[in-house]
Amino acid sequence: MNDFGAQDVDGFEARDVDVVVIGAGQAGLSGAYHLRRAGLEPDRDFVVLDHAPRPGGAWQFRWPSLTYGKVHGMHALPGMELTGADPARPSSEVIGEYFADYEDTFGLRVHRPVEVSAVREGEGGRLRVETSEGVYATRALINATGTWDRPFWPRYPGQETFRGRQLHTANYPGPEEFAGQRVVVVGGGASGTQHLMEIAPYAAATTWVTRRPPVFREGPFTEEWGRAAVAMVEERVRQGLPPRSVVSVTGLPLNDAIRAARASGVLDRRPMFDRITPDGVAWDDGRVVAADVILWATGFRPVIDHLAPLRLRAPGGGIQLEGTRAVKDPRVHLVGYGPSASTIGANRAGRAAVREIKALLGAAVEVA
């Protein structure tokens, strides 16, 4: 539905809505669900915009070998469980279908593919959201753009001289493509360890390097431990610092597969190399490793450049939040950012954001 209204001061037709939700991953769909529960109607009172070609959020882009059974900590969307999924199917298919069913079940009417180029101050106290399908003038914004579209590529001396292939988790094709090759995997998170364990049976050799020694966590991941990890990330965004992922705080779960990979030497970690050579990587102490591929499992950064015109960044480099609300602009809520980047955190953040937005809009409606 694209019934935009009268032209605004810049000559673009603008459509008035109460809320714009940017992003239809876990956080965006959670926000949209709670907007509906609070009495707002999609395509009348709020719109959900998503740049991806189909439902599934970032999950639709995951590599085929990441089956649903390997997914760690996928929490159901509010109001609808994911049941009966085949653990052997690719997670991109399972979760993509689940998100599609969710959108249909609750009539969320996601607009896609829609690119949001900028959010800036508009007329009459509204935010002006500039998109590929037109301009929205909104009273509030839920930004749920996640991180997948902004992979982090570290820079090291000699990187441009490497004669092999460099790729990131964001475009990891699966393990078969590395058959017979010497692969250096960079990164101490869950993606790095998963890549190594998958690639090792195919590759001629694998080498694991990380900036810090990896932390393997024994025992179950308790609710208390989870709350403490989220609180540490939350404190960073409260101070206006760039968020760290919750996973970076919790460490890596020490399961049977990890134990076997450590025992076999696949997860034998080396410290970060100092430079990249045409034929591999090197350390200042004289050690070298020959490589055909460097795989950067180095994480992602928040996709928030479209918010730059609002000047929300704090001196520390991040967007300072109180809960989900941007301290510098109470109309703007960030969900799936920092402490709400986990799937369960995204659900809770969507609910919290809608509660504050309803208060901002002046409607005392309880969020179910």
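Does at least one position in region 16-35 carry a residue that is within 23 Å of Ala118 (Cα to Cα), at pLDDT 90 or above and acidic (Asp, Glu)? Scanning region 16-35 turns up at least one residue that is within 23 Å of Ala118 (Cα to Cα), at pLDDT 90 or above and acidic (Asp, Glu). For beta carbons closer than 6 Å, sequence separation of 6+ or different chains, a first residue in region 17-46 that is more than 16 Å from Arg331 (Cβ to Cβ) and a second that is at pLDDT 95 or above and acidic (Asp, Glu), the qualifying pairs are Ala24/Asp50.
For region 313-332, the candidate set comprises residues that are buried (at least 19 other Cβ atoms within 10 Å of the Cβ), modelled with pLDDT under 95 and of a type in the set (A, V, I, L, M, F, W, C); within that set, the residue that is nearest to the chain's Cα centre (by Cα) is Ile319.
Per-residue answers, yes or no, for (1) of a type in the set (D, E, K, R); (2) touching a residue at least 40 places away in the same chain (Cβ under 8 Å):
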residue: Gly174; (1), (2): no, yes
residue: Gly188; (1), (2): no, yes
residue: Thr206; (1), (2): no, yes
residue: Val215; (1), (2): no, no
residue: Glu218; (1), (2): yes, no
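Each residue in region 273-312 was checked for being surrounded by fewer than 17 Cβ atoms within 10 Å (Cβ to Cβ) and not aromatic (Phe, Trp, Tyr), and 15 pass. Those strands (runs of 3 or more DSSP E) of region 39-157 in which 1 or more residues are farther than 23 Å from Glu356 by Cα, of a type in the set (A, V, I, L, M, F, W, C) and modelled with pLDDT of 95 or more occupy 116-121, 134-143. Here Pro113 meets each of (1) surrounded by 18 or more Cβ atoms within 10 Å (Cβ to Cβ); (2) touching a Pro at 6+ places or on another chain (Cβ under 7 Å) with one exception, condition (1). With the structure loaded, tell me whether Gly125 is farther than 26 Å from Val303 by Cα and out of contact with any Leu (no Cβ under 9 Å at 6 or more places or on another chain) or whether it fails that test. In short, no. Taken as a whole, the structure places Val230 among residues that are at pLDDT below 90 and crowded, with 19+ Cβ neighbours inside 10 Å.
Note on region 275-300: residues that are modelled with pLDDT of 95 or more and at positive phi amount to 2. The number of residues in region 179-193 being out of contact with any His (no Cβ under 9 Å at 6 or more places or on another chain) and surrounded by 22 or more Cβ atoms within 10 Å (Cβ to Cβ) comes to 6. Put simply, of Arg139, Arg89, Arg165 the only residue that is surrounded by fewer than 19 Cβ atoms within 10 Å (Cβ to Cβ), farther than 27 Å from Val215 by Cβ and touching a helix residue (DSSP H, G or I) at 6+ places or on another chain (Cβ under 8 Å) is Arg89.
The values are calculated or read from the model by the stated rules, or taken from the named source; none is laboratory data. Source: prediction; values computed, not measured. Neighbour counts are summed over all protein chains in view; Cβ atoms, including those assigned to glycine, are modelled from backbone coordinates with ideal geometry.
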